[in-house]
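Read through the structure below, which is laid out as structure tokens, and then see the notes.
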Amino acid sequence: MKSSEEMMSSLLERREEYFAAKKIRQKKVLRTAVPVMALCLVLIGVTVWRMGSKSGGPIANSSESEYAEGGQPGLDQPPKDNTLNFTGEKLTDAEAKAYFEENSTWIRNALEQSGVQVEGFRILEKGYAHINYEGDGKALEVHQNFRDYLAYSGDKLVAIITLVKEDGKLYVTPSFGGPWFDSYNAFLKAHAGQKLIYLYYGIAEVVLLPDGSVISPLGSNVEQYFGWVKNPYEWFYNEEIVYVP
């Protein structure tokens, strides 16, 4: 069995591999210090936010950020059409299940070493990918080698595990410590059984609902980005990308 030091070293190594894969996926340098597609990370007592400042520190709150104020460059122009381009090596839930069965112990122990509640720890078998829109009328992409999986301690959401598949190998990074996890979990429970669509619209993460509404898991205002379409859910809908909590 791995020691605590070995598990933490393995976790950090996988985190660096994950960020390297993120750079390949994004194909450009963004203004923020960490990849904007990543969820918050808390490792060895240092909190890193996906929309952090250039120094790498957390933003004060979403209302004070350029993101919340609608200042996303290139997003004045909507996508050219709703065709989805699937890129990357396809990562399936079956592959993820096998990976977690083999590696859940060290993931659990590493999270516990970082102060995460792990009693009754479990990772859901079904994950979700995101539609990505960078702006400037570019095509929509789904990086199908990236999938997020929800991890629970009992009924409490304690982490979001992102799996990345590169050259046939799987890499993992856990995201935890988000103050919005409880509200996000409540949202998922309230919409259990519904087909949800996840979208990265610029730097904003958006969930599209069947009733045509849009929300941000972080609680920021994202409705302002979709004035160009009557029903975002219907426009972006693709059966291959839906997630049912």
Which residue out of VAL142, VAL158, VAL116, VAL164 is in a loop (DSSP other than H, G, I, E, B) and under 28 Å from ILE215 (Cα atoms)?
VAL116
Top-ranked residue of the range 183-212 - restricted to ones that are out of contact with any strand residue (DSSP E or B) (no Cβ under 9 Å at 6 or more places or on another chain) and in a loop (DSSP other than H, G, I, E, B), ranked as modelled with the lowest pLDDT:
ILE203
How many residues of the range 162-203 are out of contact with any helix residue (DSSP H, G or I) (no Cβ under 9 Å at 6 or more places or on another chain), open to solvent by less than 40 Å² (accessible area, probe 1.4 Å) and in contact (Cβ under 8 Å) with a residue 60 or more places away in the chain? The answer is 2
Considering every residue within the range 215-223, establish whether at least one is open to solvent by 10 Å² or more (accessible area, probe 1.4 Å), assigned to a strand (DSSP E or B), within 24 Å of GLU141 (Cβ to Cβ) and β-branched (Val, Ile, Thr).
yes
Scanning the range 109-125 for residues that are under 25 Å from VAL244 (Cα atoms), open to solvent by less than 80 Å² (accessible area, probe 1.4 Å) and either touching a residue at least 60 places away in the same chain (Cβ under 8 Å) or not hydrophobic (A, V, I, L, M, F, W, C) (or both) gives GLY120
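Considering the range 225-245 alone, what residues qualify as being in contact with a strand residue (DSSP E or B) (Cβ under 8 Å, 6 or more places away or on another chain) and open to solvent by 60 Å² or more (accessible area, probe 1.4 Å)? First the steps, then the outcome.
Let us first name the residues in the range 225-245 that are in contact with a strand residue (DSSP E or B) (Cβ under 8 Å, 6 or more places away or on another chain), namely 225-226, 232-233, 236-238, 240-245.
Correct list: TYR237, GLU240.
The values are calculated or read from the model by the stated rules, or taken from the named source; none is laboratory data. On a predicted model such as this, the values are computed, not experimentally measured, just so you know. Backbone-built Cβ (ideal geometry, glycine too); neighbour counts: all protein chains shown. Ligands, DNA and RNA are excluded from the accessible area calculation, which covers all protein heavy atoms including side chains. Shrake-Rupley method; radii C 1.70, N 1.55, O 1.52, S 1.80 Å.
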